[in-house]
Each structure stands twice: as C-alpha cells, then as structure tokens.
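What follows is a single structure, written as structure tokens, with notes after it.
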Amino acid sequence: MTDSHRSIDEVRRAKADAWRAAGHLAFGNDPGELHPIATVSAAHKDHDVATLDRDHAGAEYRVAGRIIAMRDTGKLVFAKLRDGGGEIQLFLSAKELGATFALLKELDMGDIVMAVGRPMRTRAGELSIMVRSLRPLSKSYRPIPSEWYGLGEVETRYRQRYADMIANHPDVGDVFRARAIIVRALRAWFDERDFIEVETPTLQTMRGGANAKPFNTHHNALDMDLYLRVAPELYLKRLIVGGMDRVYEIGRVWRNEGISTRHNPEFTILEFYQAYATYEVLMGETEELVTDADAKLLARYPKYADGRSYSLARPWKRVRMLDAITDALERRAPALAAQWAKGEGLRAWEATREVFMAAEGLQKDHREYLRKCSAPGELVYALYELFAEHHLVEDYRTADGSQSVPVFVTDYPFDVSPLARKKDADKQAAQYGEGFPVTFTDRFELFVEGRELANAFSELNDPDDQAERFRAQLVNREKGDDEAMDFDADYIRALSYGMPPTAGFGLGVDRLVMLLTGQKSIRDVVLFPLLRPET
RNA sequence: GGGUCGUUAGCUCAGUGGUAGAGCUGCGGACUUUUAAUCCGUAGGCCGUGGGUUCGACCCCCACACGACCCA
C-alpha cells in the first residue's frame, strides 16, 4: 500500500515511529524551563532587524507549543508555534539545523514541539525565532480542523470543545477567560465588603429555594433518595440565623427542565444574603456589582463593549410591576389599559380577567393561563408576563432611544413569591391605597436587554408566615405543580430561633457572562454543555 | 411539546431521478524569506439510519436519530 492510500492516522503513527528512530519519544516530557511565547514577543516587538542583530544576537529562547501552521519552501521551513498565551513564527533553515532538518518532514500541524533559538526578523518583517535546536514533544494523530475555515459545525464545537478551542482560537478561549474575569470580579466585590464565601450542600433531601423540577439521585449506604439542589437559598439563610451576617455562594445548581439557548440543565448561580439590608439597598448594590464586573472585563477585553444594544450607565430604571403593566398596555393596548386603570381593575379582578381573556389575538394557551389564575395577585403576574415582560427591552431605553437600559421590576405579588417578605402594611397602604386587593412583596427582578438576570427580595423571616407558605406549596403540589417546594421543617425551626431582617439575591452567572460578552447561547459560555449522546 | 431548516471526503461546502464534485487538509515531487505560500502529480465517499416509490434514488415519499433556529 502506498503512502497516499494510508489514512491520516496511519501516516502520523508512522511519523511517530520516525521520531523514535531518531532518538525521541513520541510523547516525551520535561522540556526544561521555557519562555512563554508572549514574553518573547513582548521583549522584541519594537526591535528592527539591525537592533536584533546588533544588541540581541546572543539572546536565546526556549519555547514550546503546538504547530498551527507550516510552510515548506525547500531548505527553509516556516512554522507557527502557539502556546497558552501567544504565537510566534519559527524560522527553520537547513543550514542552521543541520541533521535535525530531516526531522521536519516527520512533523505535522498539530504536533507539540520545543524549539531553542535566537530572535530574528524575516525579510517580511515578522518577528521569528531562528531555531538552533528542535525537539518533538507530543505527536498529534488527528488533524486539527482547518485554521482558515474554522470549525463551524456547532454540534462538533460543543462535543469536542478542545477542537473548537484550537480551531476557533482565540475567540472561544477569550469567552472563557472573560468568564473567569467576571467570576473573579464578583468574588472580589463580596470579599472587599466582608462577605464570607461558603459552600452549602448540593445533595439535598428536600426540594426548596426555588420553584423548579429537581434531578433525583440516591445514596446507597443510607438508602436515601436525594435531590440535586435547585438553589442554595434555604441553607444560606440558615447561616444568617447562625450569625453570618453577610454570606455568598457561587456554585452549580441543577434544574430538570428543557434545554434552550438560555437554559442548560446545570448552571452557575450567585446568591448572597445581607442581614439588616432591604431589597432597595440590594438594587444599588446590584448596579455596583454588575458594572464593577463589566469594568474589569472591559479593562482586559475592550472588544466586548463593541456593538452593545444596551447601556449599563447608572442609575438603572426601577418600575413597580403594576406600573410596568400600565406602561405596556398604554403603549400598545389602550382599550385594555382603560379596563386595567392602573391596577384599579383588580378590585373586580375576575371581571377584569374576563376582559383580558377576550382580548384580540390572545393565544389559546395564554387564555388558559389567565383562566387558571385563582387570586388577583396571580392575575397581576400573569398579565405582567403576557403583556409587559417581553416588551421591557422596547419600553425602557436611553434618552436617545438607541440602547435598552437595565430594569428592576419591583413589588411582585405575594401569591407568586413564596420566600419573599410581605410589604409592611403601612408601606402597602401608602403606595397602593387602603384595601388594595393584591398584597405585594419587597422583591425585584433585574432584566437587562429583556433577559432575566437576577431575582432578589427582603427575606421572609416570620416562621409562622413561612410555614403557611410551605403549606400553600404543598397544596400546589397536590394540584399537580411538580415545581412546588417541600415543607422544610428544619428551616422553620431555624427561623424560630430568630432571623435578623435580611435581603437576599440570586443571579445567573452564565447569563451575566452571555450578556457582557455578547454570546447568544448559554452553550457558548458553558465549556461542556449537556448534549444527547453521540450516535 | 409545536414549527422551520440542516446532516454529502479529515475540514468547509457545491450538486443533479441515470457511474459523486470543488477548495483546503493528506500523500509524492520542486523551491533558503513564507504569511490561507506557490507550482506539478495523486489519493480519499454505505451522500445520517431504516423503510418505500421507481427500470434506476444522494435527489421523490414515510419513519427515526442527531443538531440549529423560532415559538410555547
């Protein structure tokens, strides 16, 4: 069989044998102390040919990395070498390398090699290393995807992230370096303010902390069914009871739900709890936290500011849910706005619901959603979701209208906020009038560019109130709501010791990274997103 | 869950109801300043899987698998 009939794998394994025949290992190690390519490039970036020959003729560098390009012009070969932080051209001449030059024909793109030589500049002006000695380190049996065309097949990109990172260098790597910068900035923000970072259980015996379907698992030795956590919330608040007035956790949670461009079954959440603060304090802190992370990101990667359709300029918009509904209806459904009457329509909420259910163009499942509302507070949330939420990006914009602005939607109804503190009676009366048919909570969600980024509230710390809401969750479960929480008696016990007034906050870290780096899919900010098995 | 689109050489993609195509990669050769090097030669395919229609299917039909996008 001739060479041309052999597979790439066979050819490359034969070349590995040639390395061995020349006295090398196909997978050698210990190349000695290396110079990072970036430092070599930085040291000589301003030096011209004359300067290099005159002042740096004695300099010698030892570099190692992957060969990502090779151009063979006969007795002279150009190769591009990439390590974790940079790329540099190797100038490989027959005269300089002597007998080693023959080894070049046993090299392939993708191989890992070490080279020793002095800095020089080619006729075209490119800083290169005039290689004096070359040592192969690791053989690559499989061709790297074309550098020029990249690796376009998204499935392959997610399944073989390693190939994606090689082929789509540096863009893919930059997103994950950006992610690290963002997470580090979040940590720094809390650390600088004396928050304690903690790790709470991810294996939990009860469903709680968020309304979501959990993953089930089992502990064999204890013969005990467990859930992977959907939120760390209830444990973090136990720590507040214990006296950690400021705690935060950045960790993985799992929700057994659909997969989309915004949802991966496992994702990273940031939660923090601050005793003696309120949800209003947290809005200001949220602005600081996010803009601080953004500033640190842009200091390293200014490119991520390009083409943003949103502005993070402070202060951010704050709007009560009731008013968000009013704004949205007045803009695009005046007839309904009249019926809504800035929320006054809730005083006869079932009649108002009938009007909305009859609204023109309402989808059948939306109508069904409204029909299922069994309290005016549920109706408020339903109307917000159906008529206001997906218009936030249009309704709240910079003065010149060119960019959307972040929006804190505040005052969620009690009925849809099982862990949030009920608005104090005097404040509720002052803001909504005496006897308003819906009770609101001290809660906000943050939306940027129309996407939900964070959820926060003044925490419910009355154990009797909390117990009542857990019971309401059980009723929901009876009615078939498989996202409802369990009755967590230990949590009630913790609250019974007395929890200081506290505000708590949760943020989707993956979504924050998506937002700040302009990625459209969560899979572009999760290194190894969940996919069906390969067939 | 619903809809639309996609799956062809290692990679990126064309393609027509009648023997399967290009560029890059690979392999052989030339070349001591290349930058997607260039030039000459050459190899490489169960056209996602399974059924069906047809004299004949990569192409038309059905189902399935996997993926992308949109909607819920």
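The values are calculated or read from the model by the stated rules, or taken from the named source; none is laboratory data. None of these values were measured; they are calculated from a predicted model. Here the Cβ positions follow ideal geometry from the backbone for every residue, glycine too, while neighbour counts run over all protein chains shown.
Quick notes
- Yes/no for A:VAL525 being in contact (Cβ under 8 Å) with a residue 24 or more places away in the chain, within 14 Å of RNA strand B (Cβ to nearest atom) and hydrophobic (A, V, I, L, M, F, W, C): yes
- Hits in the stretch A:438-459 - residues which are assigned to a loop (DSSP other than H, G, I, E, B) and surrounded by 23 or more Cβ atoms within 10 Å (Cβ to Cβ): A:VAL438, A:ASP442
- Selection count, the stretch A:47-69, where residues are under 26 Å from A:LEU103 (Cβ atoms), crowded, with 17+ Cβ neighbours inside 10 Å and not small (Gly, Ala, Ser): 6
- Scanning the stretch A:327-339 for residues that are over 38 Å from the mean Cα position of the chain (by Cα) and not aliphatic (A, V, I, L, M), we see that the one that is surrounded by the most Cβ atoms within 10 Å (Cβ to Cβ) is A:GLN339.
- One residue stands out in the stretch A:374-395 among those that are of a type in the set (Phe, Trp, Tyr) and either touching a His at 6+ places or on another chain (Cβ under 9 Å) or within 11 Å of A:ALA328 (Cβ to Cβ) (or both): the one that is surrounded by the fewest Cβ atoms within 10 Å (Cβ to Cβ), namely A:TYR384.
- Residues in the stretch A:460-486 that are assigned to a loop (DSSP other than H, G, I, E, B) and more than 17 Å from A:GLU233 (Cα to Cα): A:LYS479, A:GLY480, A:ASP481, A:ASP482.
- Taking the stretch A:111-129 as the range and being small (Gly, Ala, Ser) and within 9 Å of RNA strand B (Cβ to nearest atom) as the test, the residues that pass are A:ALA124, A:GLY125, A:SER128.
- Some residue of the stretch A:239-257 being modelled with pLDDT under 95 and among the β-branched types (Val, Ile, Thr): yes
- Number of the exception - A:MET321 against (1) surrounded by fewer than 17 Cβ atoms within 10 Å (Cβ to Cβ); (2) of a type in the set (A, V, I, L, M); (3) touching a strand residue (DSSP E or B) at 6+ places or on another chain (Cβ under 8 Å): (1)
- Pairs meeting the criteria (first residue in the stretch A:26-53 and touching a residue at least 24 places away in the same chain (Cβ under 8 Å), second residue of a type in the set (Asp, Glu), beta carbons under 7 Å, at least 6 apart or on different chains) are A:PRO36/A:ASP83; A:ILE37/A:ASP83; A:ILE37/A:GLU87.
- From the list A:ILE196, A:ILE259, the one residue that fits, being exposed (fewer than 15 other Cβ atoms within 10 Å of the Cβ), under 19 Å from A:MET499 (Cα atoms) and either among the basic types (Lys, Arg) or in contact (Cβ under 8 Å) with a residue 24 or more places away in the chain (or both), is A:ILE196.
- The residues in the stretch A:487-507 that are assigned to a helix (DSSP H, G or I) and either within 23 Å of A:PHE267 (Cα to Cα) or basic (Lys, Arg) (or both) can be counted, and the count is 1.
- Given (1) touching a residue at least 60 places away in the same chain (Cβ under 8 Å); (2) touching a helix residue (DSSP H, G or I) at 6+ places or on another chain (Cβ under 8 Å); (3) within 22 Å of A:ILE166 (Cα to Cα), number of the condition A:ALA64 does not satisfy: (2)
- Count - residues of the stretch A:58-79 that are more than 9 Å from RNA strand B (Cβ to nearest atom), over 19 Å from A:ARG135 (Cβ atoms) and of a type in the set (A, V, I, L, M): 1
- One residue from A:MET499, A:MET514 being away from RNA strand B (no atom under 14 Å from the Cβ), surrounded by 17 or more Cβ atoms within 10 Å (Cβ to Cβ), in the same structural domain as A:THR205 (by TED's automatic domain parsing) and modelled with pLDDT of 90 or more: A:MET499
- Check on A:ALA313, loosely packed, with under 15 Cβ neighbours inside 10 Å, under 22 Å from A:GLY173 (Cα atoms) and among the hydrophobic types (A, V, I, L, M, F, W, C): no
- Summed over the stretch A:489-517, the residues that are hydroxyl-bearing (Ser, Thr, Tyr) and under 32 Å from the mean Cα position of the chain (by Cα) give a count of 3.
- Condition check for A:ARG82: within 11 Å of RNA strand B (Cβ to nearest atom), under 23 Å from A:ASN168 (Cβ atoms) and basic (Lys, Arg): no
- The set of residues from the stretch A:217-250 being more than 26 Å from the chain's Cα centre (by Cα), buried (at least 18 other Cβ atoms within 10 Å of the Cβ) and in a strand (DSSP E or B) comprises just one member, A:LEU226.
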